[in-house]
Amino acid sequence: MTGNVRRNCDYMEPSAKDPAKIQSMFSTIAHRYDLLNRVLSLGIDRSWRKFAVGQLPKTENAYYLDVATGTCDVALEIVNSIPGSRVQGVDFSTGMLELGKEKVMTAQLTDSIDLRFGDATALPFQDNTFDGSIIAFGIRNVQEYKKGISEMGRVVKSGGRVVILEFTSVQNRIFKPLYRFYITKVLPSIGEIISGKKGAYTYLPQSMLSFPAPDELKKTMEETGLQNVRYHKLTLGAVTVHVGSVP
Ligand SMILES: C[S@@+](CC[C@H](N)C(=O)[O-])C[C@H]1O[C@@H](n2cnc3c(N)ncnc32)[C@H](O)[C@@H]1O
């Protein structure tokens, strides 16, 4: 895997999810990532993460893995909502991890959250390590996403769960045209203004629209060996939370 590169990048076409370009893109927008999240999701993103975290199995002194942890919003949500829990966060963008580390330090949660550089498709952890693994708005960016899901299952103990929170395409007949207009026209313009990077947010709608539909993702999760896979659509289907159990 390539190291992280702090340089301006030419933003990729949706099909070209070259890991080096994805790393570079996230490091470039890292400083504005949280603000962009709040603005572009109209502030709803927090409740989506909360719901996804709620799907993790609760055990005493639980230990979870947050894949593609970015600026650590999911990791922080976990330790704040599940007493006694610890989280290992992993991401391959050092720019995002730096901001995550600052947030964890500010929240004085360095005893509960540890961060590590790593690739979702080759997780640097042994089998059966965690009680649950979660990925929020990350799997869409992983070129070999089936491998990523398989890795998330490998590192979780039997009886644990894999949780995936990701954008999906709204199918509601009334809202679909409005949604498409928002993500293809409004969202890239706001993203460009806030991030100060031309084209930074054209990748987001492209990746959202090209990601597999919920049933297809469910099938892929089952193919990796996960059981009782189910999904929950939130906010008219703008995002979906998939949950699978590790046999
Ligand atoms: C949209 S951000 C999501 C961050 C965070 N999970 C959240 O809820 O805000 C996507 C993150 O996925 C990371 N990422 C993408 N592909 C990855 C991979 N193959 N391995 C590790 N991290 C990856 C990026 O570096 C970025 O931090």
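The values are calculated or read from the model by the stated rules, or taken from the named source; none is laboratory data. Only a predicted model underlies this, so the values are computations on that prediction, with no experimental measurement involved. Ideal geometry is used to build each Cβ from the backbone, glycine not excepted, and the neighbour counts take in all protein chains shown.
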**OP:** Can you work out which of the residues in the stretch 148-161 that are of a type outside the set (Val, Ile, Thr) and touching a strand residue (DSSP E or B) at 6+ places or on another chain (Cβ under 8 Å) is farthest from VAL246 (Cα to Cα)?
**Re:** GLY148
Subject >> Answer from PRO205, PRO188, PRO177 - the residue that is without any contact (Cβ under 8 Å) to a residue 12 or more places away in the chain and either part of a helix (DSSP H, G or I) or under 18 Å from ILE134 (Cα atoms) (or both) >> reply: PRO177
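Condition check: touching an Asp or Glu at 6+ places or on another chain (Cβ under 7 Å), at negative phi and not polar (S, T, N, Q). Does ILE164 satisfy that?
Numbers: touching an Asp or Glu at 6+ places or on another chain (Cβ under 7 Å): no; at negative phi: yes; not polar (S, T, N, Q): yes.
No, not satisfied.
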Original post:
How about the stretch 142-163: which of its residues are out of contact with any Gly (no Cβ under 8 Å at 6 or more places or on another chain) and either more than 16 Å from the ligand (Cβ to nearest atom) or assigned to a strand (DSSP E or B) (or both)?
Top reply: LYS157, SER158, GLY159
Original post:
Does the stretch 145-178 hold any residues that are under 19 Å from PHE211 (Cβ atoms), at pLDDT 95 or above and surrounded by fewer than 17 Cβ atoms within 10 Å (Cβ to Cβ), and which are they?
Top reply: LYS146, LYS147
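Go through the stretch 18-71 and give me each residue that's acidic (Asp, Glu), farther than 15 Å from ILE164 by Cβ and within 11 Å of the ligand (Cβ to nearest atom).
Once the filter is applied, which keeps residues that are acidic (Asp, Glu), farther than 15 Å from ILE164 by Cβ and within 11 Å of the ligand (Cβ to nearest atom), the stretch 18-71 yields ASP18, ASP34, ASP45.
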Subject >> Of residues in the stretch 78-100 being near the ligand (Cβ under 9 Å from one of its atoms), assigned to a helix (DSSP H, G or I) and free of Cβ contacts under 8 Å to residues at least 40 places away in the same chain, the one nearest to GLN143 (Cα to Cα) >> reply: LEU97
